[in-house]
Each structure stands twice: as C-alpha cells, then as structure tokens.
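Every number here is computed from the coordinates shown, using simple stated rules; none is lab data. The shown structure was predicted, so the numbers you read here are calculated from the model rather than taken from an experiment. Positions of Cβ are backbone-derived with ideal geometry, glycine not excepted, and every protein chain shown enters the neighbour counts.
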Amino acid sequence: MTETLDLSAIELKDPDVYLHGVPHASFQLLREHDPVHWHPETAPDPGFWAITKHADVVAISKDAQRFSSAERFIYYEEIPADAMEMRRSMIETDPPEHTRLRRIVSPLFTPKTVDAYRAHTRAVADRLLDNALAKGEFDWVHDICEMLPIRVFVDVFGAPEADADYLAKLANMLVAVDDPDLAPPPEMYERARARGFEPHHLPFSSPAALDLFDYARDLCEARRLDPQDDLITRLVSAEWEGERLTDSELVNFCQLLVFAGNETTRNSLATGMHQFILQPEQLDLLAADRSLMKGAVEEILRWATPIYTFRRTATEDVELRGKQIKQGDKLMMYYISANYDEEVFEEPQRFDVTRDASAQVVFGGGGPHYCLGAFLARMQVETLFTAVLDRGLRFELAGPTARLRSNFGNGFKTMPVRAAQA
Amino acid sequence: MKVHIVIDPETCVGIGKCEEISEEAVELGDDGVSHVTGVAVDIDVARNLCDSCPTGAISIVDES
C-alpha cells in the first residue's frame, strides 16, 4: 500500500459532526493510525491532542498531577482568566482541593447509600410508564428520560419534587447551548447581561446557570435555617479547618450536581432504549435471563457514552506514544473512542448485553474524578429497564428520532415510540 | 490465605466500591473516606479490592 492517509481532515470539535451519529469512522482511524493526534482549532484557540485509546484515557485520568483539571478547566472552551473563579466547581479542581470537596458529598453516592433510593426510583419509573403508556404514542426522551433522573436526583439533593421539571429544563439549557432547539432564549441572555454577567462568566457559557445559582442560593439559605438529612444540608454545614464553603463554591457545586445528575443519565436511558428498539432480541435475552441485567447495564452505558470527552492540561512536558506533549498543552480524552477501542472490546460496534463491558470508561478512566454519580446512574438504568421487562414491554419507533447537536453531550432530543408486542 | 489491606487516606475520595465488595474489610465513614475494619480477608477478595478501586488507594500489607 502506497496510499497515504490524510488524518488532518478529521474534525472532532464541530457540533454538526455529531448531529447524525457518532463519527466512529474518524475515531477508528485515529485509534489505528494516530492515537495521540494533534487536532487544530480556529485561532485564538490553541489546538489540542485528541486522545482516542482506552489505555491512554485511563492513564491520563489516573495521573491528576501531570494532567490537571483545574488549570484550564475540562471543556473545549478556553475559559477567560477573569471568569475562572466564578465558574469553578469540584470537577475543575485538582487534589488536594478536589479531595476536600469530594469527601463532603461522597457518603451520599456510595453503592450502599444508593441502594436506599432503589424503591423510590422504581415507583417513579412505574408512574412515568403508566402515564406514558396511557397516551399510546409518546416521546421516550421527554416522557421518561427527561423525567426520571431529575426526580431521583431532587430526592438526594433535597429539593422539592415540584421543582424537578424546572431544574431539568435549566439543566437542558446548560448542555444544549449549541442546539438551536434547546438553547436558552435571547431574553435569558439579556437578563444575565443586565445583572453584569456575560455568557463566558457562567458555567457552559449558559445564562441558565445564573438561574440555577439563584435557585441554589435560596435552597442553601432554607437549609441553613432548617437543616434536613439531604445533600444541600451537607454542603452548607461542611467545615474544613473551621472554614465553610464560599457562596461561589456552593452555587457552582449545586450547578454541577444538577447538570451531572440529570443530563448524563437521561441520555443513557434514551440511547439504551434506542438500541433495544433496533435490536429487540437483546431485550429478549434479558427477559429470558435476568442475571444478565448487571452486565447489560455496563453494555448500555458503554454504548451510550453520554459524555464524549473531557479535557486535561499537561502540567509538565510528557511523551505519549512518541508524541511530545508540552507543558500547558490541551488534551481531549475521548471516552466515546475509548469505549469502542478494539483492543479492549471485541467487535465494539456490536451491541451485546451478554458481553463483559465492565472496562467501559463512561464514568471516567479512574482517578480522583471518577464519576460521583456512577452507582446512582447504574441503579437508574437497571431499575428502568427492569420495570420495562417486568411489564413484558417492547417498543417500536412511531416517528423519526432527533439527536442533540453537541460536541459534548451524546443524546437524543426526541424519540417517538409506541408499545409493541413482545 | 487471609491478608490485611491498607487504604491511602490522601488518595481515597470515598467512592465506596470497596465497601460494596467487602463490608467485612472496609467501612465508609461519614467523613467521605473509606476505613479498614482491621479484619483480614481472603487474598482473592483483597486483590479484587485493590484492582477495583478507581483511585488505586488500596494495597495489601502482609502478603507472604
């Protein structure tokens, strides 16, 4: 073969690239030919190293000392220096600062604690399925996925269930700033500007963050006056060497949790159902042998990979697969590529609930930033699909689906369905 | 064979996977850190604990 391969045309940052599906062919080429690939960006953005192999995502995730989350944050976006402290949450810190913040909330998200939310989650799932099925045709994304995780989350968080839909709407407007159908309306931008906030001052450069901050501030104040057994109370009463969390730490923490506790799980539930609609025999396998369910959850998550990528910044010069990474360089870790790495998952393009997908890096590649909600997410995926199986339900598409326009969140914004014969 | 494990208190962020694997060996505190109970566990369980910790905070102390 004398044919030369031009990888410079591969585009991974443009949200349009993800509109009609994950660009698996590009990732596959990079894994095979240039797994640590220099990807240019439009000036003034600096360009980045696209990390596409599972082993490298894991190694970088576990090495928080050389690959920082705090230095330049964790997204494609270059955060202006004057906005950093206003926007920083736990996910944009490094140890030991990260460790201090993480331990405040960790006890509420362990496998043992999460088990206590199982019955509530099932009750919510049953209620949502009852309501949706009564309609005949319904939108799996809107009627189920958008509704379930936020209702589980408010229970942990300590917000009233009546506020669930409002919080879900704000969470959508954080992640969907690049999608014209879901982005915040112009008046929200105007309202933020009138209060002195340009979009770049706010998480996700979304004015919806300001509304979330306001909401969080009120809830924090209520719990200071009247402590409860919930996450908000833990946040407002946490002390570290006599110091409480600052206002900015508190509201950013709440913003992070509302986003992370909602968007990721909802997109996994949507993508999971989409696969079961395309391949009902996979659901039949689960129906015939429920002991496959735990493993199926890992495969659904691997397949769904609801967050494509997070960034790290090199704190020193590092050599990786022969490439010279300089101090300050930007690295994008593509979980979506790592989860389809042929070296780890045989025939990765095959959705197979019987495979061992436990090496998936949906919750990150390990290290201190391992997803706080990993067990809560697993429990919800398991609970919802168990509820579907218990009812003997199968679904079919009742119209065209639409994917989210985003280079960050992998999901559907609509999926019309109707119940089908099992 | 039974062995003891240790947890690096600087590295542990209280994920709780270890507690799920062996409540006999590990208990997650309200301080958000996993603590060893001091009970020795089977070497296989101990190895599973070490391998399963996302932060790599667990190690075996007295393998012999």
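Any residue in the range A:246-268 that is free of Cβ contacts under 8 Å to residues at least 24 places away in the same chain and over 21 Å from A:ALA377 (Cβ atoms)?
Yes, there is a match, as at least one residue in the range A:246-268 is free of Cβ contacts under 8 Å to residues at least 24 places away in the same chain and over 21 Å from A:ALA377 (Cβ atoms).
Report, by residue number, each residue of the range B:23-48 that is within 11 Å of chain A (Cβ to nearest Cβ) and not polar (S, T, N, Q).
Of all residues in the range B:23-48, those within 11 Å of chain A (Cβ to nearest Cβ) come to B:23, B:26-34.
Listed by number, the residues that qualify are B:GLU23, B:VAL26, B:GLU27, B:LEU28, B:GLY29, B:ASP30, B:ASP31, B:GLY32, B:VAL33.
Is it fair to say A:ASP181 is over 25 Å from A:ARG103 (Cβ atoms) and outside any helix (DSSP H, G or I)? Steps first, answer last, please.
Working: over 25 Å from A:ARG103 (Cβ atoms): yes; outside any helix (DSSP H, G or I): yes.
So A:ASP181 passes the test.
Could you figure out which of (1) farther than 30 Å from A:VAL156 by Cα; (2) more than 14 Å from chain B (Cβ to nearest Cβ); (3) in a helix (DSSP H, G or I) isn't true of A:ALA59?
All conditions pass for A:ALA59, except number (2).
Out of curiosity, is B:ASP51 more than 8 Å from chain A (Cβ to nearest Cβ) and surrounded by fewer than 16 Cβ atoms within 10 Å (Cβ to Cβ)?
On the way: more than 8 Å from chain A (Cβ to nearest Cβ): yes; surrounded by fewer than 16 Cβ atoms within 10 Å (Cβ to Cβ): yes.
When the stated conditions are applied, B:ASP51 passes them.
Filter the range B:1-22 for residues that are loosely packed, with under 15 Cβ neighbours inside 10 Å and within 20 Å of A:LEU372 (Cα to Cα); which is nearest to the other protein chains (Cβ to nearest Cβ)?
We begin by selecting, within the range B:1-22, every residue loosely packed, with under 15 Cβ neighbours inside 10 Å; these are B:1-2, B:6, B:8-10.
Within this subset, residues satisfying the condition of being within 20 Å of A:LEU372 (Cα to Cα) are B:8-10.
On the way: B:ASP8: 11, B:PRO9: 10, B:GLU10: 7 Å.
Of everything passing the filter in the range B:1-22, B:GLU10 is nearest to the other protein chains (Cβ to nearest Cβ).
Would you mention how many residues in the range B:11-52 are in contact (Cβ under 8 Å) with a residue 40 or more places away in the chain and outside any strand (DSSP E or B)?
Qualifying residue count, the range B:11-52: 9.
Which residues, taken from the range A:249-301, are under 15 Å from the mean Cα position of the chain (by Cα) and assigned to a loop (DSSP other than H, G, I, E, B)?
A:GLY261, A:ASN262
Which members of the range A:356-377 meet the condition of being closer than 25 Å to A:ALA288 by Cα and within 13 Å of the chain's Cα centre (by Cα)?
If the condition is that a residue be closer than 25 Å to A:ALA288 by Cα and within 13 Å of the chain's Cα centre (by Cα), then A:ALA377 is the only one that fits.
For the range A:63-160, which fully contained helices (runs of 4 or more DSSP H) count at least 1 residues that are within 13 Å of chain B (Cβ to nearest Cβ) and of a type outside the set (Asp, Glu)?
On the way: elements: A:84-87, A:97-105, A:111-115, A:118-134, A:148-157.
Qualifying helices (runs of 4 or more DSSP H): A:97-105, A:111-115.
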